[in-house]
Structures are given as C-alpha cells and as structure tokens.
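The values are calculated or read from the model by the stated rules, or taken from the named source; none is laboratory data. Just so we're clear, the structure is a prediction, and the values are computed from it rather than from any experiment. Reconstructed Cβ throughout: ideal geometry from the backbone, glycine too, with neighbour counts over all protein chains shown. These accessible areas exclude ligands, DNA and RNA; they are computed on the full protein's heavy atoms, side chains included. Shrake-Rupley method; radii C 1.70, N 1.55, O 1.52, S 1.80 Å.
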Amino acid sequence: MKWLIGSSGRRWVAAVPGLWLLVFFLVPFLVVAKLSLSEAAIARPPYLPLWEWDEDYLTVTLNIGNYRYLIEDTLYLNAFVESLRIASVSALVCLVVGYPMAWFIARARPDRRNLLLTLVILPFWTSFLLRVYAWIGLLKPNGVINNMLMGIGLIDEPIPMLQTDFAVYLGIVYTYLPFLVLPLYANLVKLDNALFEAAEDLGARPWQTFLTVTLPLSLPGMLAGCLLVFIPAVGEFVIPALLGGADTLMIGKVLWTEFFNNRDWPVASAVAMVMLVILVLPIMLLRNAQSAAEREV
C-alpha cells in the first residue's frame, strides 16, 4: 500500500514539470513549427492554413520555401554568424571576468559568502530595461563617462561608445555576468580543500595547483555558466536595439523585423526554428558526451 502511494506521489510530482513543459514549451514550439511551414498572405492572420477540407478531401500544404529563402538570402546567414560571434565573445569575456569573482566568493569566509552573492544578484532587483537605459546615459557622447574623461583632461572630444559593437558587448556582459558567476561558484565552493593542501605538500606552486587541480575540476561549472550566457545572448534583441548601431546585425533584430515590420510570420518562424536547432543540437551532443564520460568514470 505504501509502495502504491509512493509511486502515485512520484507520478504527481513528475506531472507538474511535465505539464509545465507541455504548456509553455511543446505547444508554442509546435505552433512556431506549423507557422514555419505555412505561406505568407496579406490577411489576418498573415498566413495561409496548412490544411483545408474540400468535401471528402483533406489537402495539406507544407511550404518549405521559407527555409530555402533563409539559405538564398545572405542576410539571415550573416545574422546567424554575427549572433554566434557576439554571443561567443561575450561568454568568453564573462568567463574571464566572472571566474576570479566566483573563486573569490568560494574562498571567502562562510559568513561573508551570502553578502557577496547578494552583491552579484543585486542588479536583478531593478528592471532589465532600466539597466540598459542607464548604460545609454553613461555611454552617450555627453554622458557621464565622456564628461568625466574630458573633465580630468584625458580626452579633448567625446569618444563614440554608444551605438557601437563595444556597447553591445558591454551590455551583454553586464547583464548576463551573474548567470556565469552563480553556477561557477556552486562548483568551486564544493571543491575539497584537502586537494589544495595535498598539492601544496607535494611542492606545487599556486599557479600549478590552479592549472592541474582547480581548473580541471571547475570545467563543469565553467561550461554551465558559459551556456547560460551564450544561449540567451544569441537571441538577444533589446541590448543590440538600444546600445548597438544600425549596422549591428543580430538574429533577434531580424526576428523582430520579420514579425512586426514585414509581417512575414512564416519566414520569422523559420528563422526561430533554425536558431533553435543551432542552439539545441550542440547542447544535446555535449550533454551526451558528458554523460558518457561520467559513465566511464
């Protein structure tokens, strides 16, 4: 009887996340997939149905021309490549900046860690949009940074920082840095101090201990943090739209243009499906490789 109750309880517990994924992931995914195979039309909604009943006949029309259009028009390929480049560089910069932060928090006294972690997540207490607008005030030609540099005599005229790739990188790194620090901290704080003491007893210098002990053991945290930065950065729209220039081409801006300006929902859905494949396939392959490596251990 207890076994039956326990088994039923586990099913109910598993049903909650399953229902969540069904409603908020699978159903929207199927809707977007359906739209990507439809044909654009000047109507409301702006696409033709995939299937039609004609007396006793069911006619299904799958339009793969939306995907062919993505291959033929170099705009989309350039947008994908540029998005992957910006997201990769941003994740790398976050890693370089965030690793010392995570290491410092993990090695701090236990009673200070909560305070330091609070400082890391403190920006999330304000609106994401307000934080991006704040960078506009800092980076614009007559903004705080240029006025300060001219005030102390380092520059004679304002440095163009806003509406550049530099501003996009800065906004992405600032916004997503906590996503890298937190999982990396969770990995580093669990490392056994006995390993560092053993390395020191064997005569290893601090940098040798870092390269041979700390860095290999922190790879799972580094990987998780980089993915948490890379994935949302690829489809980022707000930061390149507000901080980037007119020539900043990212797939999020292309999606917005197709959906709201061109009202070409089928092509926009095809872009979203291709982006999903680009992001999900490498993650699944990497996850399978990690699982295989763990089984071998």
Return the sequence-ordered ³J(HN,Hα) values of the stretch 174-188 in whole Hz as given by the Karplus equation 6.51 cos²θ - 1.76 cosθ + 1.60 applied to θ = phi - 60°, using x for Gly and Pro.
4, 6, 9, 4, x, 5, 8, 5, 5, x, 5, 4, 4, 6, 5
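With a probe of 1.4 Å, find how much accessible area the chain has per residue, and write the answer as a whole number in Å². Each step should come with its number before you reach the end.
Numbers: 18840 Å² over 297 residues.
In whole numbers, the chain has 63 Å² accessible per residue.
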From Cα pairs below 8 angstrom and at least 6 apart in sequence, can you work out the relative contact order of the chain, rounded to a whole percent?
27 percent
Sequence order, the stretch 59-66: Karplus ³J(HN,Hα) from phi using 6.51 cos²θ - 1.76 cosθ + 1.60, θ = phi - 60°, Hz rounded, Gly and Pro as x, gives 9, 10, 10, 10, 9, 8, x, 5
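Could you calculate, for the chain, the ratio of the Cα radius of gyration to the Kirkwood radius, expressed as Rg to Rh? Mind showing how you got there, number by number?
On the way: Rg = 24.7 Å, Rh = 23.2 Å.
On the Cα set of the chain, Rg over Rh gives 1.06.
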So if R0 is 25 Å, what FRET efficiency would residue 48 and residue 71 give, r being the distance between their Cβ atoms, rounded to the nearest 0.05?
0.70
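Charges at C-beta only: +1 for Lys and Arg, -1 for Asp and Glu. How large is the resulting dipole of the chain about its Cα centre, in Debye rounded to 20? Don't jump to the answer; show the numbers that get you there.
Values: 19 positive and 22 negative charges, 240 e Å.
Its charge dipole is roughly 1160 debye.
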List the residues, sorted by chain then number, that are 5 or more residues from residue 63 or on another chain and whose placed amide H is less than 5 Å from its amide H.
38
Summing Lys, Arg as +1 and Asp, Glu as -1, what charge do residues with Cβ under 15 Å from the Cβ of residue 60 carry, residue 60 excluded?
-3
Can you compute the modelled spin-label distance between residue 195 and residue 156, with each label point 7 Å from Cα toward Cβ, in nm?
5.5 nm
Per-residue HN-Hα couplings for the stretch 101-109, Karplus 6.51 cos²θ - 1.76 cosθ + 1.60 at θ = phi - 60°, whole Hz, x for Gly and Pro?
5, 5, 5, 5, 5, 5, 8, 6, 4
The alpha-carbon center of the stretch 231-297 and that of the stretch 139-210 are separated, in whole Å, by 25 Å
Log10 I(q)/I(0) at q = 0.10, 0.11, 0.15, 0.20 Å⁻¹ for the stretch 56-205, from Debye over equal alpha-carbon scatterers, is -0.63, -0.72, -0.98, -1.23
How much of the accessible area of the stretch 1-92, in percent, comes from carbon and sulfur atoms when a 1.4 Å probe is used?
70 percent
